[in-house]
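The next block holds one structure in the form of structure tokens; read it before the comments.
Coordinate-derived values only; no laboratory data. Model, not experiment: these values are computed from the prediction. Positions of Cβ are generated from backbone atoms using ideal geometry, with glycine treated the same way; all protein chains shown enter the neighbour counts.
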Amino acid sequence: MNKETRSLKEKIDKLYETSNLDYDEILFVVQNIFKTEYNDGENLFDYICSKANEVRFRNYGNKVFLRGLIEVTNICKNDCYYCGIRCSNPNVDRYRLTREDILECCAEGYEIGYRTFVMQGGEDPYYDDEWMFEVIKEIRDTYPDCAITLSLGEKSYETYKKYYEAGGDRFLLRHESITEEHYQKLHPETMKLSNRLRCLKDLKDLGFQVGAGFMVGSPYQTDENLARDLAFVKEFQPHMVGIGPFIPHEDTKFKDFPHGDLNLTVLMYAMTRLLLPNCLLPATTAVASIDPNGRAKSLLAGCNVIMPNLSPRRFRKSYSLYNGKLSTGKEAAEYNDELEADLAKIGLQVEYIRGDNIQWRRK
């Protein structure tokens, strides 16, 4: 083992043993782990993934929590440059689920065995506070043993408070990029990183299990950006972290950019698991969309959540955030038997309980 390999392995061992690296150390790992001269006699990418898998197993065993994903609307007031359902895209077949649609999805999911429902959608002004409060409350009253996760975008403190009081347990809001200059390259001027961070703080203050996160390989992203994102999640300590590769959509300004690299995405999973040993870490649909082995690689690098699609089949193709998004087959709730068999092959077991972050308690 040469000195370069030894120095990198020492950083990985420190991360494993202390759950911490500073920004410069994180950047050192990100910049060098795929270089030949830093892998003399040992593959350190495989090594860091194995250490992350150990940490996941220590905290959550071999369990993978399933969440039933309900994509409630593809109508969005925002115009994020990377997103297929951005408001300025005229080629989207727009829809929004009714209260009855959402409750029917929950009923179907509960019968399958799901004990977490994830309501995700664009920032649709139709779903005002009163409407959403009533839906969340009805799900809570009907399924008191289930967790309710929301991913509905930037709201006021008062709106988030109503969601929590209605029975919401978790809220996922990716910060996308903690580097302001990079954030603005992905979003219009009307959207500000400062407001995104205000939302995350409000959610945490209210008592939600909070999820931050970012894309890997997004346009103009640098290794320094990724290192800052990892340093941010360590500092902010979210209960969940949503990470996935950037995948271009044909109706956006980024349509000709390449998708994010699978191994770099898996590295982000591994480092996140080592930085946040107790976090809930989904193996996202996007990794399965770019590589048929993407989900398995992600799970063996520390991920412990999968979110099969419970949305009404007639709308799934219309929730197209990026090209080639999987919504059927093993990404759909109807194929749980196949999913269980796939996980068993890599030594993992599907778990249908709520699957809360082990450090969270509802206020």
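For a quick check: sort 132, 1, 191, 271 by the number of other beta carbons within 10 angstrom, fewest at the front.
Least crowded to most crowded, the residues run 1, 191, 132, 271.
With label points built 7 Å along Cα→Cβ from the Cα atoms of residue 104 and residue 157, find their separation and express it in nm.
4.0 nm
Would you be so kind as to identify which of 226, 106, 307 lies farthest towards the positive end of the dipole of the range 61-351, taking Lys and Arg as +1 and Asp and Glu as -1 on Cβ and the Cα centre as origin?
226
So which GluC sites (Glu not before Pro) in the range 144-223 pass both tests, a DSSP loop state and at most 11 other Cβ atoms within 10 Å of the Cβ?
Taking the range 144-223 and a limit of 11 other Cβ atoms within 10 Å, the loop GluC sites (Glu not before Pro) found are 189.
For the chain, take the longest principal axis of its alpha carbons; what is the angle in degrees between that and the long axis of helix 23-32, to the nearest 10 within 0 to 90?
With rounding to tens, the tilt is 70 degrees.
When a/c is below 1.5 the answer is rounded, else prolate if a/b is larger than b/c, else oblate, so apply that to the chain with a ≥ b ≥ c taken from the square roots of the Cα gyration tensor eigenvalues.
Taking the square roots of the gyration eigenvalues as a ≥ b ≥ c, the chain is prolate.
Helix-derived [θ] at 222 nm for the chain: sum -39500 (n - 2.57) over DSSP H runs of at least 4, divide by residue count, nearest 500?
Taking each H run of at least 4 residues, the total per residue is -13000 deg cm²/dmol.
So between residue 20 and residue 43, what do we pick up on full extension, going 0.36 nm a residue minus the alpha carbon distance?
6.1 nm
So what's the angle, to the nearest 10 degrees on a 0 to 90 scale, between helix 99-112 and the longest Cα principal axis of the chain?
Compared with the principal axis, the helix lies near 50 degrees.
Relative contact order of the chain: what whole-number percent is it, with Cα pairs under 8 angstrom and at least 6 residues apart?
The value is 23 percent.
Angle check, please: helix 157-166 long axis (alpha carbons) against the longest principal axis of the chain (alpha carbons), in degrees 0 to 90, nearest 10.
On a 0 to 90 degree scale, this one is about 70.
Please give the contour-minus-distance gain from residue 363 to residue 342: 0.36 nm per residue of separation, less the Cα-Cα distance, rounded to one decimal in nm.
3.9 nm
Can you give me the C-alpha center-to-center distance between the range 201-280 and the range 92-124, rounded to a whole angstrom?
Using only Cα atoms to place each centre, the spacing works out to 25 Å.
Compute all pairwise cysteine Cβ distances in the chain, then list the cysteines with no distance under 4.7 Å to another cysteine.
So, 49, 76, 87, 105, 106, 146, 199, 279, 303.
Could you line up 80, 279, 146 from fewest to most neighbouring Cβ atoms inside 10 Å?
80, 146, 279
On a full-extension model of 0.36 nm per residue, what is the gain between residue 128 and residue 142, subtracting their alpha-carbon distance, rounded to one decimal in nm?
Stretched fully, the residue 128-residue 142 segment lengthens by 2.9 nm.
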